[in-house]
1. At q = 0.07, 0.08 Å⁻¹, what log₁₀ I(q)/I(0) does a Debye calculation on the Cα points of the protein assembly as shown give, no solvent, two decimals?
2. For the stretch B:2-415, what number results from the quotient of the Cα radius of gyration and 2.2 N^0.38 Å?
3. Give the accessible area for B:PHE186 in Å² (nearest 10); use a 1.4 Å probe, count only protein heavy atoms, and leave out ligands, DNA and RNA.
4. Of B:THR131, A:THR60, which has the most accessible area with a 1.4 Å probe, and how do the rest follow in descending order?
5. Enumerate by residue number the GluC sites (Glu not before Pro) in the stretch A:116-171 meeting two conditions: DSSP loop (anything except H, G, I, E, B), and at most 14 other Cβ atoms within 10 Å of the site's Cβ.
6. Quick one: Karplus J couplings for the stretch B:259-274, per residue in order, coefficients 6.51, -1.76, 1.60, θ = phi - 60°, nearest Hz, x for Gly and Pro?
7. In nm, give the distance between the simple-model label positions of B:ARG392 and B:ARG238, each being 7 Å from the Cα along the Cα-to-Cβ direction.
8. If you place +1 on the Cβ of every Lys and Arg and -1 on the Cβ of every Asp and Glu, how big does the dipole about the Cα centre of the stretch A:1-73 come out, in debye to the nearest 20?
Amino acid sequence: MRELEEFRRVARDPYTYAESLKKETGRPIIGSFCSYAPEEIVVAAGAVPFRIFGTRENITRADAHLQAYACSLARGSLEEALAGKLKFLDGTIFPHTCDTIQRLSDIWRLNAGIPLHWDVVLPVKLNTESARDYLAGVISKFRRDMETGLGVEIGEDALIEAVALFNRIRGNLNTLYEMRRKSPGLIDAGDLHAVVKSSMVMDRRDLAAKLEALVEALRRTEPRDVDGLHRLFLAGGVCSHPEIYSLLEESGGVTVWDDLCTGTRYFEGLIAESGDPVAAIADRYAIRAACPAKHASLVSRGDHLIRAVRESRARGVIFLFLKFCDPHAFDYPYLKSSLDEAGVPSMVLEVEEQLPPEGQLRTRLETFVSLL
Amino acid sequence: MTAVNTITPSAADERKIQSVKRMKEIMTAYYIDAKTAAENNKKVAWITSGGPVEPLIAMDVIPVYPENHGAMIGAAKMGIDLCERSEQMGYARDLCSYARADIACATVDGGPIGGLPRPDFLVCCNNICGTVLKWYEVQARYFNVPLFIFDTPFIHTEFSIEAQKYVRRQFEEFFVFLEEQCGRRFDGDRFEETARLSYEALHLWQDILDTTTKRPSPMTAFDAFTHLALIVTLRGTRTAVDYYTQLREEMLGRVARGVAMVPREEHRLLWDNLPIWYRMRWLSETFASHNASLVADTYTSAWSGMGDHFDDKDLVGALASSYANIYINISIDRMFESLKKKIQKYEIDGLVMHSNRSCKPYSFGQYDLQRRVMDELGVPALVIEADMVDERAFSEAQVDTRIEAFVETLRQKRVS
C-alpha cells in the first residue's frame, strides 16, 4: 500500500529522515525518550520532537558511563549519542520517570555533546491537587525554558494550534488501532508499529495529513484472512523489536492492542481544546494510562490492563519488558495475578537490545499460543 | 611487660566503641515497642529511610523502616533466602534487594526479628529513589492500608520555585492525612519540638562524623554504618539526641587519647554508596590489614547533610529543603562538588565506590564521578561491583584482588 511506504521508510531509518528534514526546513530537532515529553510545546516552538529508541548495535562507548545493569534503552541511546549518530539533535528533553533515566539525564547533559538540555521534573504522583498543580507548573516552566533555549517566543495561538494538531494525530492513531482491533487482517502489526514509531519522529503537520490518508486508504482495503490466529495483547515499555510481530504470527497469534509507551500510551487521551492549553496538556498526563514510574492509584494499572484486554477480546497477554526496567518488573507480579483472576493467560518476555535467539523465542511463543 | 598487659586493656579492646552496647539496647527496645504497638493502642507506619518522620513522631505513631530491616537481613546473611523467595513470587532478580527481601519477608514473617509489625499505613518519600514508590505500592496492596506519597522532585540543575512550593504543600497534606489516620488534631507544638530534636540529632551526627578529620581516625565508615541506625529510626526523639551526645563524647575522648580504629593508619579512604552488609567485617578487616582506614562515606553523611538546612523560624520550610536536597536526590555534578569537599575536609587519599546492583540512582553516574575524581582531584578511585544484601552478586576473590591492587596504587602514589 502506497500510503504505508513513507512510514516504513522513516521507521527503518529515522536518523536520515530527521537529518534531511532539518536540512530542508532549518527547524531544530529535539530528542526525547518518553511519552511524557510535552511534544505540543516543542511543536509550538517551531521545532520537531524526535523519539530516541536505543540501538541494535553492540554497546561499547556507553560502558564507560553506565554499568551493565542499566537497561538497554539507556545504554543503547547513550551509545548512539557518543557514536555521534544523534548529531542532528539540537537538544534533548528528559521528563522525569525512573531512576535510570534520571541519572542518564545527568550523564547525557555532561557527555552527549548535544547543545540544549531540558529536565522536565514531573511529579511522581498524578492523583493529588498539589501534584496536578505542580505538573501544570512544570509544563509551564518547560515552556519558558524552551523559549530561552531556542530563543523563540511560544505564543498562545501557536500552542492552541499545536494542541489541535496533536489531537488530530492521536485521534487518527487511535482510529488505526481501533480499525485493526476490529479487523486484525487490515494492516500488519509490524506496519502499524512502523506508523507509531514514525509518528514520534516525523514533521507533525505532514504526519497528520499522512495518517488521515492512511486511515482513508484502509477504509477501502479488504482485510486479509487471519481467522485462524489467536488474538494477543502486548504490555510493557518500549518495543523496538518489530520482528516480534511476525514471529508471533508465525507462532499462531496476532496482536490486537497494546499497553506500551511506544503504543497506546503515546496517543491515548485527547487534550481539551478549551481553557488554558498548558493546564490541558497537564490534565491529559494525569488522566491517561500511567507509566509504572508514575502513581495514579494503587490499582489503576491493573484495572486499565484488564479493561483494555477485555475490550480487545485478546485471548492472552504477552508482557514485553526490557531487562533491568525496575518499574515494569515491580508491577509484573501484581498485573499477572490480576490477569490470572480474570482468567487471562499471560507470559513474559524479557529483552535487551537484541531479542533472545530466534529458535528459542519461537518455541516459547508457539508453546504459549498453542495453550490458549 | 607481660604482666602489665594483663591488667590494662589490650589495644584491640581499647579500639572497641563502648557505646555500641547502649545502641543495641536502644534498638532492641525500639523493636519491642514497635512489635507490641497494637497491644498498646499505638499506630505503626512504615516509612522510607529518607522520609519526613517528624510529623509521625509528633502524633505518637511508631515509625518502622523496612530499609533498616533490609540492612539487618543483609547483616544476618539472610538475604539470599528471602531474595530467592521473592523471585519465586515473580519479582525479577535485578530489582533492589531491600525491596525483594522485605516483600518476601512480609509473607513469611522471616528474617532476624521474625518480620516487621504490620503497618497501619505507609509513608513513601522518593528522595532516595523511584524504587520505594513501587515497593510501597506492593506493600500497600498486600496489607491493604493507605499509602502517603511524599514527592520530592529530583534536583538536576535547580530546586525550582515550583518544586519548593509543591514539597511544602505536601507537609500540609501529610498533616491532614495523619489527622485522618489517627483520628485527632495534628499537634503543631509537638511537631516543632520533634523537628528541633531531629535537627539536634543531625547536627550531633555531623559532629561525630567530623571527629574522623583527626589523624588517626577514632572510627571508620564501618562504625558509622552501625551507628547510623538511630539517626534513621529515632531522629526526632530525645533518645537519639542523648545517645549521639554520648557517642560524640566517646569519639572526642578517643581523639584526645589518640585511639585509632585502624592501627597504623596510612591510607585515608572515602566510601561511596550503601554498605555491603553481609561482608562488613571482612571488608573492615581487609582494609585494616592494608593500613587503610575508611574515614568517611557519602552514605551516612546523607543524613547529617540534612542538618545544613536548619531554620528555627521556618521549620516546615527547613524540612522541605532538607528532605529534597539529600545527597542522592541531586545530579552527579552536584555530587561531585560534595565529594570534592569531603576529599579535602577528611584529607582523603583514595575513593572506594560500591557499584551496587540494588541501587541504580546511587550507582549510575559513579563511572563519571570516578573519572572526575581521578582527573580533576588526582585522587585514585576504585569501583567494586556488588550488592548490599544479595550475596550472590559478590565475589570475594575478585574484590580482594581489586582492593590489593588499589592499595598498591595508593602506596606508589605516596612514595612518588
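1. Once normalised to I(0) and log-transformed, intensities are -0.54, -0.70.
2. Against the empirical 2.2 N^0.38 Å value, I get 0.97 for the stretch B:2-415.
3. Using a 1.4 Å probe on the heavy atoms, I get roughly 40 Å².
4. Numbers: B:THR131 10, A:THR60 90 Å².
Final ranking, largest accessible area leading: A:THR60, B:THR131.
5. Values: sites: A:GLU129, A:GLU147, A:GLU153, A:GLU156, A:GLU161; in loops: A:GLU153.
Those satisfying the criteria are A:GLU153.
6. Residue by residue, the stretch B:259-274 yields 7, 9, 6, 10, x, 6, 4, 10, 10, 9, 10, 10, 9, 10, 5, 5 Hz.
7. With each label point 7 Å from Cα toward Cβ, the separation is 4.8 nm.
8. Values: 10 positive and 10 negative charges, 25 e Å.
Charge dipole of the stretch A:1-73: 120 debye, to the nearest 20.
The values are calculated or read from the model by the stated rules, or taken from the named source; none is laboratory data. What you are looking at is a predicted structure, and each value in this text was computed from that prediction instead of being measured. Backbone-built Cβ (ideal geometry, glycine too); neighbour counts: all protein chains shown. All accessible areas refer to the heavy atoms of the entire protein, side chains included, with ligands and DNA or RNA removed. Shrake-Rupley method; radii C 1.70, N 1.55, O 1.52, S 1.80 Å.
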